[in-house]
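Below is one structure, written out as structure tokens; comments come after it.
Throughout, read-outs are computed from the coordinates displayed, never taken from laboratory work. Computed from a prediction, not measured in an experiment: that's the story for all the values here. Counting neighbours? That spans all protein chains shown, and the Cβs are built from the backbone with ideal geometry, glycine included.
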């Protein structure tokens, strides 16, 4: 018979590579897979890739890739499996749950449900709200923290110019609602402009007026420490692919009562205690909301990312990025014709996200030029936050006209989006300097290649596109 302690030790080894990796991460800055990858340019040259699109998705940490590789020979179905590999995988999966709980400072009675990503987590919570629940959100939210609440009653706070005004607007809305708001939905940090929100103060206000608070931590989690218990958050949602573990995993952490009283969204094996031809008895948490074969690889990957980042120090990481943020802001501000967008004053704490437009350039074309001619990856569009981007661009059209302008046939002079540059673990001062130089060259000399907008997709592409794709 395999001993439980041996299984736990085996699971820790295959799921995390033990303490050796954590010690290594504590000595030096965590390294990313593909950090030195060269990419082709339309000119035929190859340049080291400059990744400034971390806000969309992050590459895996090297320690994460190693942990996944170590797990794969032991991978098997989890829960209820009698085989040795199944027991090892089960122990690794549950150890991963405990590690992620600890990383985010979950309370002892909180539940942690593994999902696919932040969007999945927030949609799950939306289906578990009490009947006749009223949700109070804001107009700056990512669509993942805006659309799920429309299944029921939802109201939106206006876009305001400071954290102080946000807290005032929140308290006023809660007061006017006379304690009838059930849930306050807030971002941890804006995925468009990077402002870090006053979560502790928002939680205090929500609780004062009888509401709970859920935080979309997809953007904040990779950049700053988060302690659910210390901040007194009721629910937190996040994605592994934002936290250097892009293996299809997300989490919902929070109070168990709403979750254990709701029927699961996904019906199937693993979620049930008993089934007859006309009845079903659902299991308790977390199994009730984890039907089907769990993503063991993703869970182990996320846990290792949490271990590595924790060993390096999230406070240290945040302090380093704050300096890099100031440097990047100053450098971007020197480019003639470049307009930086922000909701709150630049002196308010931000994560490393910058959104801008360059005079004379469609945002999609500018992002394509940076990639095709310089090997720099940024993001262009409205970043799944259409109301906020319309506010930043001062688009005062009616809703229908705005959407018409976003269609592929729109004239290039119609401003419907922006360019987003986002920092991460691999970002250096040299990469920022290189990007600033590229933007300055584009502003002064224009593109060196020909580009066209695709009528079908609305995307911009180089013509001809001489770059060869890798054989994957």
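Here are the numbers for this structure:
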read-out: Which of 249, 436, 442 has the fewest Cβ neighbours within 10 Å, and the rest in rising order; value: 436, 442, 249
read-out: Cα centroid separation, region 297-375 to region 73-97 (Å); value: 38 Å
read-out: Reciprocal of mean inverse Cα separation for region 168-291 (Kirkwood radius, Å); value: 16.4 Å
read-out: Gain in span if fully extended, residue 266 to residue 449, counting 0.36 nm per residue against the direct Cα distance; value: 61.0 nm
read-out: Evaluated at q = 0.16, 0.18, 0.34 Å⁻¹: base-10 log I(q)/I(0), Debye formula over Cα of region 232-276; value: -0.65, -0.77, -1.13
read-out: Residue exposure sequence - 238, 314, 202, 146 - by fewest surrounding Cβ within 10 Å; value: 314, 202, 146, 238
read-out: Per residue convex hull volume, Cα atoms of the chain, in Å³; value: 170 Å³
read-out: Contour excess over end-to-end distance, with Cα ends at residue 79 and residue 281 and 0.36 nm allotted per residue; value: 70.9 nm
read-out: Per-pair calculated FRET efficiency, R0 = 25 Å: residue 336 and residue 162 via Cβ, rounded to 0.05; value: 0.30
read-out: Region 51-168: C-alpha gyration tensor shape, a/c 1.5 cut-off, then a/b vs b/c; value: prolate
read-out: Residue 45/residue 429 FRET efficiency (R0 25 Å; Cβ-Cβ; nearest 0.05); value: 0.60
read-out: Length gained when the stretch residue 31-residue 293 is fully extended (0.36 nm per residue, less Cα-Cα span); value: 91.2 nm
read-out: Region 74-311 shape via C-alpha gyration tensor axes, a/c threshold 1.5; value: oblate
read-out: Helix-derived mean residue ellipticity, 222 nm - over the chain, DSSP H n ≥ 4, -39500 (n - 2.57), to 500; value: -11500 deg cm²/dmol
read-out: Nearest-ten-degree value, helix 4-16 long axis tilted from longest Cα axis of the chain; value: 10 degrees
read-out: Cβ-derived FRET efficiency at R0 41 Å, residue 257 paired with residue 326, nearest 0.05; value: 0.40
